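Q: Just dropping this structure here.
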Amino acid sequence: MDELILRRARNGDTAAFEQLVTPHEQLVWRVCWHYTHNTEDAKDCAQEAMVKAWRSLPQYRQDCALETWLYRIAVSCCLDFLRRQKRYAASSTDEMAASGFDPVDPSPTPEETALRQDDKAQLRAALDQLPEDMRTALILSAVEGRKYEEIAQITGVAAGTVKSRINRARQKISELLARREQSAVSFVQHSERRSQ
C-alpha cells in the first residue's frame, strides 16, 4: 500500500481514499450480498461499510491488510443490518398482534421447504441457519476461496479455530440438508397414502 496515499486519505483527501478502496469494492459488495441475499440491501450495506471505513481510517493501524480491515467492517455492517431487520420484524408483528391482528407466519411450512427443488436456495437457507462465526468462516473459504491463515487474520482467531469452524459448518449443513430431504420423502409418502 502506498503510504503517501494512505496519509493523504487519513487527512481527508477523498480522491486518495477512493484510490485506496476502489480495488476492494467488489469484495465488499460480495460479502454484503452473501449476508443479505438481496442486491439493494447489499448495496446499502456496502455503502455503509465504505462510510464507516472513511470515518474510521484515522484509526486504521495497519496491523492487517486494508482488504482484511474492509472485510471486517463490511461483515459488521451486515450483522448490524440483519439485527435491525429482526428487531423491526419482531416489533411490527407484536404491534399487529396487540391490535388484534393475527399475522400469518411468513416462514415457509416444512412441506414448502421440502418441495423446493432449487439446490442453491436450499444450500443458502442452510447457510443462513449457521451461527455467525461458522457462516463467516465457510463463506470466506468456500465462496471467497481464502486460505485458513487469511481467514484467521480477517476473523481475529487462530487458524486451527478457523479450520474447526469450517469443518463444523460443513457437517451442520450436511445435517440440515439431510433433514430437509427426509422431510420431503415423508411428505411425499404421506401425500401418497392420503390419495389412495
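All of the numbers you see were taken from the coordinates with simple rules; none came from a lab. Small disclaimer: the values here were computed from a predicted structure and weren't measured. Cβ coordinates were reconstructed from backbone atoms using ideal geometry, including for glycine residues, and neighbour counts include every protein chain displayed.
Q: Compute the length gained on full extension between residue 123 and residue 143: take 0.36 nm times their separation in residues and subtract their Cα-Cα distance, giving the result in nm to one decimal. The partial results should precede the final answer.
A: Values: separation 20, 0.36 × 20 = 7.20 nm, distance 1.25 nm.
Stretched out fully, the residue 123 to residue 143 stretch lengthens by 6.0 nm.
Q: Continuing with this model, one more query. For a footprinting-style exposure proxy, rank 24, 37 by other Cβ within 10 Å, fewest first.
A: On the way: 24 20, 37 13.
Going from sparsest to densest Cβ surroundings: 37, 24.
Q: Same structure again: Give me 70, 177 ranked fewest to most by other Cβ atoms within 10 Å of their Cβ, as a rough exposure proxy.
A: Numbers: 70 24, 177 15.
With the sparsest Cβ surroundings first, the list reads 177, 70.
Q: Would you order 21, 162, 143 from fewest to most other beta-carbon atoms within 10 Å of each residue's own beta-carbon?
A: Details: 21 20, 162 26, 143 13.
The fewest-first ordering by Cβ neighbours comes to 143, 21, 162.
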